[in-house]
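Okay, so here's the structure we're looking at.
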Amino acid sequence: MDNSGMTLRDLLEGLPREWISEDLMEALANKGVHLFPTVYQVGDWVKFKSTVATPIYGWQGATQTSVGFVQSVPDTDNLFVSFYSVLVKNVKLVFLY
């Protein structure tokens with residue numbers, strides 16, 4: 001906690017989620033620090049979390065390193081994502097958890 005009364009968690013929650021690496025999220029979870037779940041919106045750029053061995057609905061042409069964008073968010077447990085087969089650079093990335 002700093003002298004403003006903010007904790008590390010408060011500071012991290014204020015950052016854009018794509019600034020927080022998957023490794024940092026895992027390390028925080030191992031220390032008992034859990035951030036609020038990411039709220040995905042249509043148009044967000046996403047990729048698979050490195051620990052995903054097989055997605056629930058299969059790869060459908062995507063790979064572990066594929067980058068795609070959210071097309072729709074029908075509910076809190078599902079996203080419809082279009083993945084590209086070419087490498088895309090300089091985009092906002094969030095992780096699917």
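Could we say that Ala53 is of a type in the set (A, V, I, L, M, F, W, C), assigned by TED's automatic domain parsing to the domain that holds Ser82 and at negative phi here?
Working: of a type in the set (A, V, I, L, M, F, W, C): yes; assigned by TED's automatic domain parsing to the domain that holds Ser82: yes; at negative phi: yes.
Yes: the conditions hold for Ala53.
Quick one: which of Gly43, Gly14 is small (Gly, Ala, Ser) and out of contact with any Phe, Trp or Tyr (no Cβ under 7 Å at 6 or more places or on another chain)?
Values: Gly43 fails: out of contact with any Phe, Trp or Tyr (no Cβ under 7 Å at 6 or more places or on another chain).
Within the list Gly43, Gly14, the selection yields Gly14.
Of (1) in contact (Cβ under 8 Å) with a residue 40 or more places away in the chain; (2) on the phi > 0 side of the Ramachandran plot; (3) not hydroxyl-bearing (Ser, Thr, Tyr), Gly5 satisfies all except one. Which?
(1)
State which residue is surrounded by the fewest Cβ atoms within 10 Å (Cβ to Cβ) when the search covers only segment 17-59 and only residues that are more than 18 Å from Thr76 (Cα to Cα) and touching a residue at least 60 places away in the same chain (Cβ under 8 Å).
Glu22
Going by the structure shown, is Leu24 more than 23 Å from Phe80 (Cα to Cα), of a type outside the set (Asp, Glu) and not in a loop (DSSP other than H, G, I, E, B)? Walk me through how you get there before you give the answer.
Values: more than 23 Å from Phe80 (Cα to Cα): yes; of a type outside the set (Asp, Glu): yes; not in a loop (DSSP other than H, G, I, E, B): yes.
Answer is yes for this residue.
Here are some conditions: (1) among the hydroxyl-bearing types (Ser, Thr, Tyr); (2) part of a loop (DSSP other than H, G, I, E, B); (3) modelled with pLDDT of 85 or more. Ser85 meets all but one. Which one does it not meet?
Of everything listed in (1) among the hydroxyl-bearing types (Ser, Thr, Tyr); (2) part of a loop (DSSP other than H, G, I, E, B); (3) modelled with pLDDT of 85 or more, Ser85 misses just condition (3).
Hey, can you tell me all the residues within segment 20-50 that are of a type in the set (Asp, Glu) and not assigned by TED's automatic domain parsing to the domain that holds Arg9?
First, pick out the residues of segment 20-50 that are of a type in the set (Asp, Glu): 22-23, 26, 44.
Matches in segment 20-50: Asp44 only.
If you go through segment 3-13 one residue at a time, do you hit one that is surrounded by fewer than 10 Cβ atoms within 10 Å (Cβ to Cβ) and closer than 24 Å to Phe69 by Cβ?
Step one: filter segment 3-13 for residues surrounded by fewer than 10 Cβ atoms within 10 Å (Cβ to Cβ), giving 3-5.
The next check asks that each one be closer than 24 Å to Phe69 by Cβ; those that pass are none.
Within segment 3-13 (the criterion being surrounded by fewer than 10 Cβ atoms within 10 Å (Cβ to Cβ) and closer than 24 Å to Phe69 by Cβ), the answer is no, since none of the residues qualifies.
The values are calculated or read from the model by the stated rules, or taken from the named source; none is laboratory data. Every value quoted in this text rests on a predicted model; they were computed, and no experiment measured them. Every residue, glycine as well, gets a Cβ built from its backbone with ideal geometry; the counts of neighbours run over all protein chains shown.
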